[in-house]
1. Take residues that are buried (at least 21 other Cβ atoms within 10 Å of the Cβ) and among the basic types (Lys, Arg) and tell me which of the helices (runs of 4 or more DSSP H) falling wholly in segment 489-556 contain 2 or more.
2. GLU259 - would you say it is within 23 Å of ARG338 (Cβ to Cβ), among the acidic types (Asp, Glu) and within 16 Å of the ligand (Cβ to nearest atom)?
3. Out of (1) part of a loop (DSSP other than H, G, I, E, B); (2) more than 30 Å from ALA539 (Cα to Cα), what's the single condition that is false for GLU21?
4. Can you name the residue in segment 108-123 that is crowded, with 24+ Cβ neighbours inside 10 Å and closer than 16 Å to ILE185 by Cα and is also nearest to the ligand (Cβ to nearest atom) among such residues?
5. Residue by residue through segment 291-312, note down the ones that are closer than 28 Å to GLY361 by Cβ and away from the ligand (no atom under 15 Å from the Cβ).
6. Might you let me know whether segment 252-261 holds any residue that is more than 30 Å from TYR142 (Cβ to Cβ), free of Cβ contacts under 8 Å to residues at least 24 places away in the same chain and surrounded by fewer than 15 Cβ atoms within 10 Å (Cβ to Cβ)?
7. Being in contact (Cβ under 8 Å) with a residue 40 or more places away in the chain and crowded, with 20+ Cβ neighbours inside 10 Å is the requirement here; does VAL75 meet it?
8. Restricting attention to segment 130-147, does a residue exist that is within 12 Å of the ligand (Cβ to nearest atom) and out of contact with any strand residue (DSSP E or B) (no Cβ under 7 Å at 6 or more places or on another chain)?
Amino acid sequence: MNVKESLSNALAPLCQTDAGELTEWFEIPRKADMGDLAFPCFRLSRSMRKAPPVIAAELKERLVLPVGVAKAEAVGGYLNFFVDAAAKASSVLGKVLAERDRYGASSVGEGKTVCVEYSSINIAKPFGFHHLPTTAIGNALYRIYRFLGYKTVGINHLGDWGTQFGKMITAYKLWGTKPIEDYSIRELVALYVRFHEEAEKDPSLNDTARAWFHKIETGDPEALELWSKMKDGTIREVKVTYARMGVDFDSWAGESFYEDKMPAIIRELREKGISKLDQGAEIVDLSEWNMPPCIIVKSDGSTIYATRDIAAACYRKETYDFYKSLYVVAYQQDLHFRQFFKVLELMGRDWVKDCVHVNFGMVSMEDASFSTRSGNILYLDDILQAAVDKTYAIICEKSPSLEDKQSAAEAVGIGAILWSVLYNNRIKDVSFTWDKILNFDGETAPYVQYTHARCCSVLRKAPQTDHAAANAALLDDPYSQALLTAIEAFPDAVLSAAEKYEPYVISRSLIAVASAFNKFYYEQRIMADDPKVQAARLALAEATRLVLKNGLNLLGISAPERM
Ligand code: ARG
């Protein structure tokens, strides 16, 4: 039982409130000298019919302090508690050293499945910089939910269907010079660009393209083969990028996968009288909810994006029986999600309440050499490579004697990029500069990684000791205590990140741990003369290492041991 829980148990009978609820009330006092935990009495004033300061003073008199709490002070409407330093040190350290790479994990999700759709790139189109947030945030949420005991299904809802594939085939047939599977994404994009240039001059190309897409839709073997080879080639190429970023998926079911699942949806919408005909198209009128209509079938008979999303949502419910289904997609698509969620609700799918559009803001690049390149499309690959190259140069300067500079640069460069979209509230737009993200002393991934490597280095050089046997009571100085407080907060950060779909809660927690460790490192000699103190401080360094590693891992960022 942690201190919050034992305090809640002691407070519950005095407040006539459930202990489980009280544990949620605790806050961290504004200043360290005000104690370790603050219990606000404001919510009790109605039931206890007294002013909060009076309640705080009375509780202080009547409460028998549980083990591990040294004293209580009533300040205004708060009852502040001072935790017994030795008890805190041994409980935090004991927990981290016992749970190790499971510290922060939980079984709250046992028996529940969470679908996380992320990245969802388009076939034969650039894997662009603008796909960074969905890829990084989705991958982090996937890992966070898994850590909390949920069964997780990572889905890459590929954009692999639509008239553009007719254009691609037309272009390939006219100007292709080698087998289609040998085309890189950039070469496919070049074909696509050429198609549009030529179609300006010769609009009949558009008819050819339409005919080719019709052939794909109706299962013409040649058309299907070309389409699927283009798709396989794109996937092969992006898998390399995903691997660099530590990203993976359980399902690559793209839009095409839902082709044969749409007729049933369209039929149901008709039969239930939810859709109606409107100028040749089939739509669901959403004016009652102040939204434009959701188009189900276009006037030319083709189905569209929203219809496929409706089919996909139903398929995911049937296949995975999800507890939650998350869609990590940019806020530009807010309306689209509200529309098709509403249609699902009208269809009586009450589980749509468990579908969440996890939206996010835009990323932009403040580096002129990048923003003008190739018609403003920034390839994610180029950005990753540039980050690794720049990091390599920094490492050569900072750690000239490091043996494997290349793999450290890879871990740190990519980590810095991922972190740039994991450090703030999702919805905030991110403008990206190299100086900011590669600052080893800022609130960055390199800073956290560097601190982790510093812990590893301290532990490597120290004599081997049994950390669990260390006397934690010797960690009663303010620097150790502040570090322990930051470490203790980590499991709650993981839970809160999942609850809010906000990986940044974990990033902030890691910064708190890293900066508390660095203060501790500069102020207290870890290799103290007293071997008992030394052993306790090494145990604390080991605990710090474990927390940083677990947290970085949840964010999909690697934690090199040397850098
Ligand atoms: N492929 C789309 C794009 O890159 C994003 C798909 C989002 N997911 C969805 N279920 N609609 O814009």
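1. Helices (runs of 4 or more DSSP H) meeting the threshold: 531-554.
2. Here the answer is no, as GLU259 does not meet what is asked.
3. Result: GLU21 passes all but (1).
4. ILE121
5. MET291, PRO292, PRO293
6. no
7. No; evaluated as a whole, the condition is false for this residue.
8. yes
The values are calculated or read from the model by the stated rules, or taken from the named source; none is laboratory data. Note that the structure is a prediction, hence the values are computed from the model and not measured. Cβ coordinates were reconstructed from backbone atoms using ideal geometry, including for glycine residues, and neighbour counts include every protein chain displayed.
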